[in-house]
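The values are calculated or read from the model by the stated rules, or taken from the named source; none is laboratory data. What you see is a predicted model, and the numbers here were worked out from it, not measured in a lab. All Cβ positions, even for glycine, are placed from backbone atoms using ideal geometry, and neighbour counts span all protein chains on display. Please note that ligands, DNA and RNA were not included when accessible areas were found on the heavy atoms of the full protein model with its side chains. Shrake-Rupley method; radii C 1.70, N 1.55, O 1.52, S 1.80 Å.
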Amino acid sequence: MVKALFVSLLLGTTLFSSDVITLYKSGGKKLFDKQMNHPSYWAGSLFNKDLRFGYFERAFSLLTCTKEKGVLELYAPDAQKRFFLKKRYGAFTGKNAGDKYTEGDLKTPIGIYTLVEKKKRVDPFYGPMAFVTSYPNLYDRIRGKNGDGIWVHGVPLSGTRDPFTKGCIAINNNDLVQLDQTINPSNTLLIIDSSLKQGVSPATYSAILAGLYQWKYAWTYNDIETYLSTYDSSFKRFDGMNFSQFKAYKERIFSKEEEKSIILDHLNIIPYPGEKRNLFWVTFNQLYLSDSHKFEGEKSLLIRLNANQSISILTEE
């Protein structure tokens, strides 16, 4: 079953050439997996790829909010996953500058968020409706950031308002209604920054992809030393497990030396907004199969790209 799933993945992907099946048959799955551990393997697949906002295998609509300019922009992907500007909106953001850390600090957070809910009925102060964001996300939580209720909403249905918010993003009501008619909230990412920067090099994404597949390779073939070397000493998992606890947990699992198959699909790598420009938010669908366990679902990692082009995982969920 594992082999059949692997071959099916190869036949369905657009990343690899027709030589992949030949490589798989002649050298085996392990040899194929090892090819993906090198940046040179990925360089060809990045040629002419739109990397302005990140590396995307799954197409999303992107909302980007530049707080300094008071602008919310909607980008939509075409059939080749190249993003084009669909609409630009004027936006109100938090009264105070900088990243949000505590409840009531009147700051709009800096980060990458999903739209987790559409509220059809809200107080008239917030306009006709609102989108609830996923703040605080995993990275926010491990840094101890708190507060909630960060929305994309409208303006009062009657009267006026101050030219700022308590931390939300507010746009004109007609624009909000148009946005609601244009996007699928479950397939939309919101990137918020004080001054949005673009243009990470293809070589950077090649290094990150190679690092991720080195991590996967070590995990698949029970190389505990290499596997753990991809985790930072400050690592904290979504449930609060620190690196020492995580290491002991994984050593118990790896000691079983089970044969396993791990498939990553719909992988996305997005530069994380903020001052540190070597951080990346990574999401993918994962299928994990072994004799004792099966997992299929979405995973998220926050990674750092190091000076030697290796990766360090800071948190995962």
**Item:** Residue pairs meeting the criteria (Cβ under 6 Å; at least 6 apart or on separate chains; first closer than 18 Å to THR66 by Cα and at pLDDT 95 or above, in the range 96-108; second in a loop (DSSP other than H, G, I, E, B) and small (Gly, Ala, Ser))
**Value:** LYS100/GLY167; LYS107/GLY98; LYS107/GLY167; THR108/GLY167
**Prompt:** Looking at the range 113-135, which of its residues are in contact with a His (Cβ under 7 Å, 6 or more places away or on another chain) and open to solvent by 60 Å² or more (accessible area, probe 1.4 Å)?
**Reply:** TYR126
**Positions within the range 214-241 being small (Gly, Ala, Ser) and surrounded by 18 or more Cβ atoms within 10 Å (Cβ to Cβ), in sequence order** = ALA218
**Prompt:** For the range 283-317, how many residues are open to solvent by 80 Å² or more (accessible area, probe 1.4 Å) and in contact with a strand residue (DSSP E or B) (Cβ under 6 Å, 6 or more places away or on another chain)?
**Reply:** 3
**Asked** Would you call SER244 more than 26 Å from THR188 (Cβ to Cβ), polar (S, T, N, Q) and open to solvent by 20 Å² or more (accessible area, probe 1.4 Å)?
**Response** yes
**Request:** Evaluate the following for SER244: is it within 30 Å of ALA203 (Cβ to Cβ) and more than 21 Å from the chain's Cα centre (by Cα)?
**Result:** no
**Message:** I'd like the full set of residues that are surrounded by fewer than 16 Cβ atoms within 10 Å (Cβ to Cβ) and either in contact with a helix residue (DSSP H, G or I) (Cβ under 8 Å, 6 or more places away or on another chain) or among the basic types (Lys, Arg) (or both), limited to the range 148-181.
**Reply:** PRO156, LEU157, SER158, ARG161
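Let's see how each residue does on (1) more than 23 Å from the chain's Cα centre (by Cα); (2) of a type outside the set (D, E, K, R); (3) surrounded by 20 or more Cβ atoms within 10 Å (Cβ to Cβ):
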| position | (1), (2), (3) |
| --- | --- |
| LEU46 | no, yes, no |
| LEU62 | no, yes, yes |
| GLN80 | no, yes, no |
| LEU85 | no, yes, no |
| ALA97 | yes, yes, no |
| GLY111 | no, yes, yes |
| ASN146 | no, yes, no |
**Message:** Among the residues of the range 257-272, are any more than 30 Å from LYS100 (Cβ to Cβ), touching an Asp or Glu at 6+ places or on another chain (Cβ under 9 Å), open to solvent by 80 Å² or more (accessible area, probe 1.4 Å) and not basic (Lys, Arg)?
**Reply:** yes
